[in-house]
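Single-structure report; data block below.
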Amino acid sequence: MSTASRRRAYSGPIIFSYGFRPFFLGGAIWASITAPLWVWSYLAGDGWLSREWHIHEMLFGALAAIVAGFLTTAVPNWTGRMPVIGAPLAGLFGLWAAGRVAMLAPGLSPIVIGAVDSAFLIVFAAVIWREVLAGRNWRNLPVCMLVSLMALGNVLFHLRPVFWGTDLAWRVGMAAIALLIALIGGRIVPSFTNNWLKAQGQAPSARPESRFDHLVLLATAGALAAWLASPASLIAGSAMAGAGALNFVRLARWRGWRTLKEPLVWILHVGYGWLALALGLLGLGVFAPGAPPTLGVHALTVGAVGVMTLAVMTRASRGHTGRALAADRSVQAIYLLINLAALLRVSAAAGSLNPVLLSASVIAWSLAFGLFAVSHIPMLARPRPMVAGQA
């Protein structure tokens, strides 16, 4: 039986028929909840939820789920192997959910919390390595390495009281996701751009992958490595600023302005633009010691991560459930809200964490991910609609 036939023969709960279904939904719900919970605790001054919890649950909680949803769906297409579905997928999702409970449960020892929470990303990385190696899909070995880097960052977070500070852990997680956006975004943005242009009867304009793209990826990886080793050094600052500039040039080569009629396409360009801006701000911050230290951080986390994840989630949910690849009003509202959240969060950082801007940013962020969850439940939790003539 072929891979496609085995997938069609699956008769279990629809939610576990494909990785994007539980993980996109779970990640979106968790993202919409955690941000307002932390801001409420922060503004109330009760210390119930720490800054460290907030950072962890954004990077290694909500974002990790969305990455898992994307890769458990994409890797089978890359390798031609059977996707993780049914009970194994439910078990993987259960590991992620157990980590979220452990991070909030009172009275658990740090060892138990660390063990329960670290299990998901470690097992997930092992699954991705297994599939890529078994499929002899050497091109995507860097993806395996970056997922492993995320798992390492999470482990470092739980070891911080013994060996490391929290900053190293979140920098490792941020570096991994920045490189994932640069690597995978560099494939899908020009590809989807050209596909849409061809469908409109127009000549494709986004340049395919070239040596310049490889140079940009190497420069970005080198800059992030320097940032991990010594974030305040002139070498790291220069490298990050240079990587930001190179990524802006890379983005311009894709000519995203030709796709302004379809939000489902141009939002990918906007998300990649946030990545380039974030790298530049992180680099320039070294040369402006008086500048707010988290401008680049939030341009990356709320801007690049928030925009690009929702761009990919909305498109993948439609494509893999047989819907038209076009943005309806709810999707357009999601894009507006997440970009507003990013602009407000960067502005709040520039204004010494202005509580009004911070609260407004969190509301926009929560609404964006919450609207995704509510509007996409029919796609994620129900069977793919039958088309005329389909058995």
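The values are calculated or read from the model by the stated rules, or taken from the named source; none is laboratory data. This one's a predicted model, so the numbers in the text were calculated from it and none came from an experiment. Note: ideal-geometry Cβ built from the backbone for every residue, glycine included; neighbour counts use all protein chains shown.
Some observations on this one:
- Pairing residues of the range 316-339 that are at positive phi with residues that are modelled with pLDDT under 95, at Cβ distances under 6 Å and at least 6 apart in sequence or on separate chains, gives GLY322/ARG384; GLY322/PRO385.
- Those residues of the range 225-273 which are outside any helix (DSSP H, G or I), farther than 22 Å from ALA327 by Cα and hydrophobic (A, V, I, L, M, F, W, C), in sequence order: ALA232
- Total residues in the range 78-114, condition in contact (Cβ under 8 Å) with a residue 24 or more places away in the chain and more than 23 Å from LEU49 (Cα to Cα): 14
- Of all residues in the range 87-99, those that are in contact with a helix residue (DSSP H, G or I) (Cβ under 6 Å, 6 or more places away or on another chain) and surrounded by fewer than 23 Cβ atoms within 10 Å (Cβ to Cβ) total 3.
- If only residues of the range 105-114 that are outside any loop (DSSP other than H, G, I, E, B) and in contact with a helix residue (DSSP H, G or I) (Cβ under 8 Å, 6 or more places away or on another chain) are counted, the one that is surrounded by the most Cβ atoms within 10 Å (Cβ to Cβ) is GLY114.
- Residue, surrounded by the most Cβ atoms within 10 Å (Cβ to Cβ), within the range 19-55, restricted to residues that are aromatic (Phe, Trp, Tyr) and within 29 Å of THR314 (Cα to Cα): PHE24
- Every listed requirement among (1) within 22 Å of PHE70 (Cβ to Cβ); (2) surrounded by fewer than 18 Cβ atoms within 10 Å (Cβ to Cβ) is met by ALA199 save one, (1).
- Candidate set from the range 314-335 (those that are within 18 Å of the chain's Cα centre (by Cα) and among the polar types (S, T, N, Q)); member that is nearest to TRP365 (Cα to Cα): THR314
- The residues listed here are LEU121, LEU152, LEU141, LEU197; of these, the one that is in contact with a helix residue (DSSP H, G or I) (Cβ under 7 Å, 6 or more places away or on another chain) and in the same structural domain as ALA276 (by TED's automatic domain parsing) is LEU197.
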